[in-house]
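To start, the structure under review is shown below, and the notes come after it.
Values in this text are rule-based calculations from the coordinates and carry no lab data. No experiment lies behind these values; they were computed from the predicted model shown. Cβ placement follows ideal geometry from the backbone for every residue including glycine, while neighbour counts extend to all protein chains displayed.
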């Protein structure tokens with residue numbers, strides 16, 4: 001039985017040039033998500049654009065960036081939604097559709113998971129908390145932190 005890398009056109013797993021080409025394709029997918037987050041995107045279309053299967057793209061993207069393409073897309077959408085909600089001039093439903101989410105329920109659930117409060121509560125709290133703050137500072141201060149990124153509690157040495 002031949003191994004995958006023994007087939008013509010398939011590189012050996014330790015082939016550094018193949019690895020670099022795959023990373024370049026994954027960066028193109030990530031950059032496309034960053035640019036087109038408000039458009040309808042799905043993993044199949046993203047995979048086709050870089051000549052990969054959807055499963056392979058998902059596995060390789062997770063290995064390279066620590067999360068699936070869908071999770072990365074939703075994080076970008078939630079970050080943009082946070083900025084729009086801080087402005088305070090749009091309703092939650094308008095923000096949901098402006099960032100490319102088709103379902104208000106999914107948007108609200110994902111927003112609450114990432115940010116820790118509902119979009120409506122965030123809109124009320126953030127508008128007041130960041131008033132007068134430059135947008136570049138507000139974006140850094142209010143960036144969502146996933147549970148796995150949250151800092152560990154420091155021990156009480158007192």
note = Listing 75, 93 by rising number of other beta-carbon atoms within 10 angstrom, fewest first, gives 93, 75
inquiry  = At 7 Å along Cα-to-Cβ for each site, give me the label-to-label distance between residue 49 and residue 83 in nm.
reply    = 1.8 nm
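Rounded to the nearest 0.05, what FRET efficiency do residue 113 and residue 18 give with R0 = 41 Å and r taken as the Cβ-Cβ distance? Could you check? The partial results should precede the final answer.
Details: r = 36 Å, r/R0 = 0.87.
With R0 = 41 Å, the Cβ-Cβ based efficiency is 0.70.
Per Stokes-Einstein, at 37 °C and 0.692 mPa s, what whole-number D in µm² s⁻¹ belongs to region 73-144, with the Kirkwood radius over Cα pairs as the hydrodynamic radius? Let's see the in-between values first.
Details: Rh = 11.9 Å.
D = 276 µm²/s.
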